[in-house]
Amino acid sequence: MSNKTATYDKIKQGLKKRRRSESRFRSIGIASISVGLLFIAILFISVTSKGYNAFTQTMIQIDVFFDPDVLDPNGSNKLESIARGDYRAVTRRTLSNTFKDVSSRRDKRQLYKILSSGAQFQIRDTALKNLSVIGTTIPVWVTASDDVDMMIKGVVDRKARPRVRRLSEKQMNWIRALESQGKVERQFNTTFFFGGDSREPELAGIAVALVGTILSILICLAFAVPFGVMAAVYLEEFAPKNRWTTLLEININNLAAVPSIVFGLLGLSVLLNVFELPRSSPLVGGMVLALMTLPTIIITGRSALMAVPPSIREAALAIGASRVQTVFHHVLPLAMPGVLTGTIIGSARALGETAPLLMIGMVAFIVDIPNSLTAPATALPIQVFLWADQPERAFGERTAAAILVLLIFTCLMNLAAVFLRRKFETRW
Amino acid sequence: MTPTSITPKARPAFKPSFAFSSSAEPLADFSPATTSQKIRAEQLNVFYAKTHALKNVDLSIPSNQVTALIGPSGCGKSTFLRCLNRMNDLIDVCRVEGNVSLDGKDIYAADQDVVMLRARVGMVFQKPNPFPKSIYENVAYGPRIHGLAESNDELDEIVFTSLERAGLLAEVKDRMKVPGTALSGGQQQRLCIARAIAVDPEIILMDEPCSALDPIATAKIEGLIEELRTQYTIVIVTHSMQQAARVSQKTAHFHMGELVESGATEQVFSSPENHMTRDYILGRIG
């Protein structure tokens, strides 16, 4: 009996220590998670606080007189001739008429600069949409220049020195006058979502990058999923386990760790130089991303297949199913949630990949939204990279907004992964 | 389906002495002269890498009888069972030597199609392993892949008959769409039996089919085995001496990869020739 008390005493002595180490471990865990969450919070807050401004754009309303003498000199009232009209002159004349006291050439040049260089095209679009406006005066909302935009949004202090503000005292007065008439407004920035790249930040949009990214990811999935799943199925279910398959397995694991720029170089030297596929195209971009995603899909696919209980294989084989039937009727469907998760994790990584796309020329300045897989395009991370390089202040917030769109895209894909896994999951 | 099918009709209560009470079972069935041998294994040797799992086993399985394989764990009885439908092929390191013939034809011959073999030799496993699909799909899968049914009606017919023969139809006929995995353990095992007989095999191999089941479910399966014997040849691996005595007509005792003794169940249990078999049956070893 005394022996037993001694044993219990020993256990008691150790208990305190055990409890301490347990609580220590728990607090370390909580601390590390908190640090991680803190950094994510900082990232999101800084990106969102900078980027949300880019979702609106300062617009200025001007009363445009669609002068038939300038826009349609031969009076044909035909779309083709009106499309060729001198809208720059109309825009400038409108501004001069709004501020009649501006007379010197220098001041006029300053006046014209409060509007974006894209304003004339917006006026043209208004005319082309409705030819009956020719000869009348109607108010039109046009885009303000990026410097005005920054000032209105409060990114730049109104009281800052003109050189910092990049707006002269005169320009400030004109804008104040317009503001007092309620002709300056922040509107939803459609250009940002539906426009291509531009040298003017107020005219730059992410559409080319967004479409390019979507097309590239689709191509990536179209190549990587069938090849990856088939490779995983073969290696896991059919290949004999010998030295060669072990070597293959090691190499696949190595491929997963290869720096992505190397895949870009591979794409450059093989896809572009040997097969002469079109440069800068989502087709090549997607194929390069597929090469990058393939090892991830194979590895996760194999572990998903491995997790399917062998009893299911035995059950099917014992009925007389062939090995292919066993795999495709029973094993693969059960492994599907895992395969899908791997696929989406892989493509979410591909989504944010920049380096390989740089190598195959998706880093170009592209204005037109790609209409095919071989049309030149760029990708969201590349757009971020390009804009981050620009000196104009307004590009800063657009960069942040593009990052925000990219993050939202990634979150959506991860949500899709969770949803799909839930949907395909089998309960035993 | 009805409880009558599971109540022991003429099954003798297990007695340690193994003196069989006068049973209604036709004993004449056991004499080699009147029983045709369905499967014959000759000089069967099986190796797992370097482990010699079965040593020179000579055993024949009489048709339309239940043959029980008994012996301690790791003695090779499951290995022997898996040789009969070549499930050992799945194990890379497994090597089979010797001769196993089904109806006089070598099943390890080069021209033997494994799919065909497994369609003729069905199997039920230790742990019930229904597919995570509906009850209907579980049973319909075999006939479907073998193209046994011309139409959906025919398939329905096969599924319902198989479930009925497996004594499960009454319990599941209103919920054929329920996943097979949602059934109780005993029901799952009967579903697996239904799945095996849906392909209409000649032989059913059972690898400890009741080891994961409670006594009631075990009784049901045993009753089922007795009924199935009329149409199928059954080989059953079991750890339960009582079960072997109750359901089988022939018993083979394995020990350390060797076949120690085989013969009519009554004879093996009442007067075993080998002292090891006697000790094992009496519970002194194993």
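The values are calculated or read from the model by the stated rules, or taken from the named source; none is laboratory data. What you are looking at is a predicted structure, and each value in this text was computed from that prediction instead of being measured. Because the Cβ atoms are built from the backbone with ideal geometry, glycine has one as well, and the counts that use them run over all protein chains shown.
Considering only residues that are basic (Lys, Arg) and assigned to a loop (DSSP other than H, G, I, E, B), which ones fall in the range B:159-193? Walk me through how you get there before you give the answer.
Within the range B:159-193, the first condition is being basic (Lys, Arg), and the residues that meet it are B:165, B:173, B:175, B:177, B:190.
Once the filter is applied, which keeps residues that are basic (Lys, Arg) and assigned to a loop (DSSP other than H, G, I, E, B), the range B:159-193 yields B:Lys173, B:Arg175, B:Lys177.
Tell me yes or no: at least one residue of the range A:286-294 is in contact (Cβ under 8 Å) with a residue 24 or more places away in the chain, in a helix (DSSP H, G or I) and more than 26 Å from the chain's Cα centre (by Cα).
First pass over the range A:286-294, keeping only residues in contact (Cβ under 8 Å) with a residue 24 or more places away in the chain: A:286-294.
From the residues that got through so far, the ones that are in a helix (DSSP H, G or I) too are A:286-294.
Keeping just the survivors that are more than 26 Å from the chain's Cα centre (by Cα) gives none.
There is no residue in the range A:286-294 that is in contact (Cβ under 8 Å) with a residue 24 or more places away in the chain, in a helix (DSSP H, G or I) and more than 26 Å from the chain's Cα centre (by Cα).
Find the residue count for the range A:379-394, including only residues that are under 18 Å from the mean Cα position of the chain (by Cα) and exposed (fewer than 15 other Cβ atoms within 10 Å of the Cβ).
Counting residues in the range A:379-394 that are under 18 Å from the mean Cα position of the chain (by Cα) and exposed (fewer than 15 other Cβ atoms within 10 Å of the Cβ) gives 2.
Looking at (1) touching a strand residue (DSSP E or B) at 6+ places or on another chain (Cβ under 7 Å); (2) over 19 Å from B:Ile197 (Cβ atoms); (3) more than 9 Å from chain A (Cβ to nearest Cβ), which is the one condition that is false for B:Leu84?
All conditions are met except number (2).
Give just the number: which of (1) surrounded by fewer than 16 Cβ atoms within 10 Å (Cβ to Cβ); (2) in contact (Cβ under 8 Å) with a residue 12 or more places away in the chain does A:Leu178 not satisfy?
Answer for A:Leu178: the failing condition is (1).
For the range A:316-337, give me each residue that is over 15 Å from B:Lys133 (Cα atoms) and of a type in the set (Gly, Ala, Ser).
A:Ala318, A:Gly320, A:Ala321, A:Ser322
Can you give me the number of residues within the range A:294-340 that are touching a Lys or Arg at 6+ places or on another chain (Cβ under 9 Å), away from chain B (no Cβ under 13 Å) and hydroxyl-bearing (Ser, Thr, Tyr)?
Adding up the residues that qualify gives 1.
Suppose we filter A:Thr213, A:Thr245 for residues that are among the hydroxyl-bearing types (Ser, Thr, Tyr), part of a helix (DSSP H, G or I) and within 14 Å of chain B (Cβ to nearest Cβ); which single one remains? Even if it seems obvious, please write down each step before you answer.
Numbers: A:Thr213 fails: within 14 Å of chain B (Cβ to nearest Cβ).
Testing whether each residue is among the hydroxyl-bearing types (Ser, Thr, Tyr), part of a helix (DSSP H, G or I) and within 14 Å of chain B (Cβ to nearest Cβ) leaves just A:Thr245.
State which residue is nearest to B:Ser60 (Cα to Cα) when the search covers only the range B:231-286 and only residues that are charged (D, E, K, R) and more than 20 Å from the chain's Cα centre (by Cα). Walk me through how you get there before you give the answer.
Our first condition is that a residue be charged (D, E, K, R); within the range B:231-286, this holds for B:246, B:250, B:258, B:261, B:266, B:273, B:278-279, B:284.
Add one more test, that the residue is more than 20 Å from the chain's Cα centre (by Cα), and what stays is B:273, B:278-279, B:284.
Working: B:Glu273: 18, B:Arg278: 21, B:Asp279: 24, B:Arg284: 27 Å.
For the range B:231-286, the residue satisfying everything is B:Glu273.
Take A:Pro278 and tell me if it is touching a Ser or Thr at 6+ places or on another chain (Cβ under 7 Å), touching a residue at least 40 places away in the same chain (Cβ under 8 Å), surrounded by 23 or more Cβ atoms within 10 Å (Cβ to Cβ) and farther than 24 Å from A:Leu235 by Cα.
Values: touching a Ser or Thr at 6+ places or on another chain (Cβ under 7 Å): yes; touching a residue at least 40 places away in the same chain (Cβ under 8 Å): yes; surrounded by 23 or more Cβ atoms within 10 Å (Cβ to Cβ): no; farther than 24 Å from A:Leu235 by Cα: yes.
For A:Pro278, the condition - touching a Ser or Thr at 6+ places or on another chain (Cβ under 7 Å), touching a residue at least 40 places away in the same chain (Cβ under 8 Å), surrounded by 23 or more Cβ atoms within 10 Å (Cβ to Cβ) and farther than 24 Å from A:Leu235 by Cα - is not met.
Can you find a residue in the range A:118-128 that is at pLDDT 90 or above, among the β-branched types (Val, Ile, Thr) and within 20 Å of A:Gly195 (Cα to Cα)?
Yes, because at least one residue in the range A:118-128 is at pLDDT 90 or above, among the β-branched types (Val, Ile, Thr) and within 20 Å of A:Gly195 (Cα to Cα).
Does B:Asn129 count as closer than 11 Å to B:Arg195 by Cβ and either more than 14 Å from chain A (Cβ to nearest Cβ) or modelled with pLDDT of 90 or more (or both)?
Working: closer than 11 Å to B:Arg195 by Cβ: yes; either more than 14 Å from chain A (Cβ to nearest Cβ) or modelled with pLDDT of 90 or more (or both): yes.
Here the answer is yes, as B:Asn129 does meet what is asked.
Considering only residues that are buried (at least 17 other Cβ atoms within 10 Å of the Cβ) and within 20 Å of the chain's Cα centre (by Cα), look in the range B:90-107 and name the one that is farthest from the other protein chains (Cβ to nearest Cβ).
Filtering first and then ranking leaves B:Ser101.
Mind checking which pairs have a first residue in the range A:410-428 that is farther than 30 Å from B:Pro128 by Cβ and a second that is at pLDDT 85 or above and not β-branched (Val, Ile, Thr), Cβ under 7 Å, 6 or more apart or different chains?
As it stands, the answer is A:Thr410/A:Ala348; A:Thr410/A:Leu351; A:Thr410/A:Gly352; A:Met413/A:Ser347; A:Met413/A:Ala348; A:Met413/A:Leu351; A:Asn414/A:Ala348; A:Ala417/A:Leu340, since those pairs meet every condition given.
Among A:Gly205, A:Gly228, which is the only one that is away from chain B (no Cβ under 14 Å), within 18 Å of A:Ile297 (Cβ to Cβ) and either assigned to a helix (DSSP H, G or I) or at pLDDT 90 or above (or both)?
Working: A:Gly205 fails: within 18 Å of A:Ile297 (Cβ to Cβ).
From the options A:Gly205, A:Gly228, the qualifying one is A:Gly228.
Quick one: would you say A:Glu314 is more than 26 Å from A:Gly338 (Cα to Cα), free of Cβ contacts under 8 Å to residues at least 60 places away in the same chain and acidic (Asp, Glu)?
Values: more than 26 Å from A:Gly338 (Cα to Cα): no; free of Cβ contacts under 8 Å to residues at least 60 places away in the same chain: yes; acidic (Asp, Glu): yes.
Answer is no for this residue.
For the range B:192-202, give me the residue count where each residue is within 11 Å of chain A (Cβ to nearest Cβ) and either of a type outside the set (D, E, K, R) or without any contact (Cβ under 8 Å) to a residue 40 or more places away in the chain (or both).
6
When you go through A:Glu397, A:Glu425 one by one, which is the residue that is surrounded by fewer than 21 Cβ atoms within 10 Å (Cβ to Cβ) and either within 30 Å of A:Val308 (Cα to Cα) or not small (Gly, Ala, Ser) (or both)? Working first, answer last.
Numbers: A:Glu397 fails: surrounded by fewer than 21 Cβ atoms within 10 Å (Cβ to Cβ).
Exactly one of A:Glu397, A:Glu425 is surrounded by fewer than 21 Cβ atoms within 10 Å (Cβ to Cβ) and either within 30 Å of A:Val308 (Cα to Cα) or not small (Gly, Ala, Ser) (or both), namely A:Glu425.
For residues that are more than 9 Å from chain A (Cβ to nearest Cβ) and of a type outside the set (Gly, Ala, Ser), scanning just the range B:108-125, find the one that is surrounded by the fewest Cβ atoms within 10 Å (Cβ to Cβ).
Residues of the range B:108-125 that are more than 9 Å from chain A (Cβ to nearest Cβ), as a first pass: B:108-113.
Still in the list and also of a type outside the set (Gly, Ala, Ser): B:108, B:111-113.
Numbers: B:Tyr108: 16, B:Asp111: 6, B:Gln112: 13, B:Asp113: 10.
Going through the qualifying residues, I end up with B:Asp111.
Six or more apart or on different chains, Cβ under 6 Å: which pairs go from a residue in the range B:96-114 that's touching a residue at least 40 places away in the same chain (Cβ under 8 Å) to one that's among the hydrophobic types (A, V, I, L, M, F, W, C) and part of a strand (DSSP E or B)? Could you list them?
B:Val96/B:Val46; B:Gly98/B:Leu44; B:Val100/B:Ala41; B:Leu102/B:Ile39
Against the conditions (1) facing chain A (nearest Cβ under 9 Å); (2) within 24 Å of B:Glu227 (Cα to Cα); (3) of a type outside the set (Val, Ile, Thr); (4) not in a helix (DSSP H, G or I), where does B:Tyr141 fall short? Just the number, please.
(4)
Residue by residue through the range A:177-196, note down the ones that are closer than 20 Å to A:Gly396 by Cβ and either in the same structural domain as A:Phe365 (by TED's automatic domain parsing) or basic (Lys, Arg) (or both).
Across the range A:177-196, the qualifying residue is only A:Arg186.
From the set of residues in the range A:172-202 that are assigned to a helix (DSSP H, G or I) and touching a Leu at 6+ places or on another chain (Cβ under 9 Å), which is farthest from A:Lys100 (Cα to Cα)? Write out each step before concluding.
At the first step, the residues of the range A:172-202 found to be assigned to a helix (DSSP H, G or I) are A:172-180, A:190-194, A:201-202.
Filter once more, keeping what is touching a Leu at 6+ places or on another chain (Cβ under 9 Å): A:174-175, A:191, A:193.
Numbers: A:Trp174: 11, A:Ile175: 14, A:Thr191: 31, A:Phe193: 36 Å.
Among residues in the range A:172-202 that are assigned to a helix (DSSP H, G or I) and touching a Leu at 6+ places or on another chain (Cβ under 9 Å), the one farthest from A:Lys100 (Cα to Cα) is A:Phe193.
For the range A:1-95, please list each of the helices (runs of 4 or more DSSP H) lying entirely inside it that holds at least 1 residues being in contact with a helix residue (DSSP H, G or I) (Cβ under 8 Å, 6 or more places away or on another chain) and not assigned by TED's automatic domain parsing to the domain that holds A:Tyr112. Lay out the reasoning, then the answer.
On the way: elements: A:2-51, A:68-71, A:79-83.
Output list reads A:2-51.
Name the residues in the range A:405-428 that are part of a helix (DSSP H, G or I) and within 14 Å of another protein chain (Cβ to nearest Cβ), would you? Outline the logic, then answer.
Looking only at the range A:405-428, we keep the residues that are part of a helix (DSSP H, G or I), and these are A:405-424.
The one that is part of a helix (DSSP H, G or I) and within 14 Å of another protein chain (Cβ to nearest Cβ): A:Phe424.
Across the range A:99-126, what is the total count of residues that are assigned to a helix (DSSP H, G or I), buried (at least 18 other Cβ atoms within 10 Å of the Cβ) and out of contact with any strand residue (DSSP E or B) (no Cβ under 6 Å at 6 or more places or on another chain)?
3
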